[in-house]
Every structure is written in C-alpha cells, then in structure tokens.
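What follows is calculated from the coordinates using simple rules that are stated; it is not laboratory data. Just so it is clear, the structure is predicted and the values come from calculations on it, not from any experiment. Please note: Cβ atoms are built from the backbone with ideal geometry, for glycine as well, and neighbour counts cover all protein chains shown.
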Amino acid sequence: MEIPCKLLPSSTSELIPAPTDVIPPTITGAVFVSASEVSGMLWGPGELNPYLQFQAIPPKEKIASSILVFDGRFEMPLASAITHENKADEFFQHNELELALSEARVAVALAPKSVGAQVALGNALLHLKRDDEARRAFQTALSLAQTVYPEFQKRWVERLQTILTRLSAP
C-alpha cells in the first residue's frame, strides 16, 4: 500500500540523491518528522533548523520512539526553501539554467537568510554569465555564513571565499 505524501527535506538528503518533491511553505495535516531532525543536531540551532517549531509542540503520536507525528497547520518556509534549492540543483544538473534560476529565486524569497538558498541563486546566475548578480548572491551567502551561527556554517566560508576570489580575478 502506498501512502500519498511528500518527503520533507532531511539533513542527509545530500548523501542520498533522489528526485525532489517541492513542498509548500505552509503544510496542513499530518507531518511525520524524525526526532533527530527536530532536535537540530544535524541542521544546527535556531533558524538553521527547518523543524525548529516542532521543538515547542508536543507530538500527537510517536512511532518507534523516533518518528514524531504532528497534526495541524505549520509554516515551513525554510523546509520549502530547501526543497526549491534541491530542485534548482536538479535543473542545474540538466543544464536547465533558467529553471534553476527560477527555483533558486523562490528559495531566496522563502528564506533570505539561508546560505544554501543564496548559493543556489549565485550558482544559477554565474552559469548564466550574470557575474555581478552572482557575486552579490555569493557575498550575501558568505556574510550569512560568517554571522548566523557561524560555528555551524564553517563549511561554507572557505568555499564561498574561493568562489568570490575567482569572480574578482580579471
């Protein structure tokens, strides 16, 4: 029996490539989330965790002590933005750059303080040869990585500095 659902982004999504379901920024109904995803242990604290709101809500049910079930209406712009970033990456892989740019712009609109969303935007712009706009997106991403829980975003800093150095070279 197949249960109709959309997969939420997980902190291990990068490790297990799969087609991306884009989720809406607002979800109504049952939401199943692993306790480790809710904890933020893998995403990082505060606004880095797309499931932060679930830390303050008692689950309706628990499955096998690790899957938390919530029911209601949930604003999930960061989780939605992550799915748009993933969709942008899929389009990018297939050289569909305008579609990648469109998805990246949606991700930034949903989560303007997301390093990943800004990087997706920068990548799309860079490959569309819109270097000045790409530089701005990468600079925004670097600034965010250095100021929003920087201890959890170190992996971005060196990569972004390298990209910006290449963009500044004549």
(message) Compute the angle between helix 131-147 and the longest alpha-carbon principal axis of the chain, please, reported from 0 to 90 degrees and rounded to the nearest 10.
(response) 50 degrees
(message) Give me a comma-separated list of calculated 3J(HN,Hα) values for region 61-67, in order, Karplus coefficients 6.51, -1.76, 1.60 applied at θ = phi - 60°, integers in Hz, x for any Gly or Pro.
(response) 8, 10, 10, 6, 6, 10, 9
(request) Under a cut-off of 28 Å between alpha-carbon atoms, report the lysines in cross-link reach of Lys129, not counting same-chain residues fewer than 8 places apart. (result) Lys87, Lys113, Lys154
(request) Please report how far the C-alpha centroid of region 26-89 lies from that of region 111-138, rounded to the nearest whole angstrom. (result) 26 Å
(message) If the elastic network links every pair of Cα atoms under 10 Å, which of Asn86, Asn123, Asn95 fluctuates the most in the Gaussian network model of the chain?
(response) Asn95
(message) I need the shape label for region 79-168. Rule: rounded when a/c is under 1.5, else prolate if a/b > b/c, else oblate, with a, b, c from the alpha carbon gyration tensor.
(response) oblate
(request) Please return the longest stretch of the chain lacking exposed loop sites, where GluC sites (Glu not before Pro) count only if DSSP places them in a loop and at most 11 other Cβ atoms lie within 10 Å. (result) 15-170
(request) Kindly identify region 27-75 as rounded, prolate or oblate by the Cα gyration tensor criterion: order the square roots of the eigenvalues as a ≥ b ≥ c, call it rounded if a/c is under 1.5, otherwise compare a/b with b/c, prolate if a/b is larger, else oblate. (result) oblate
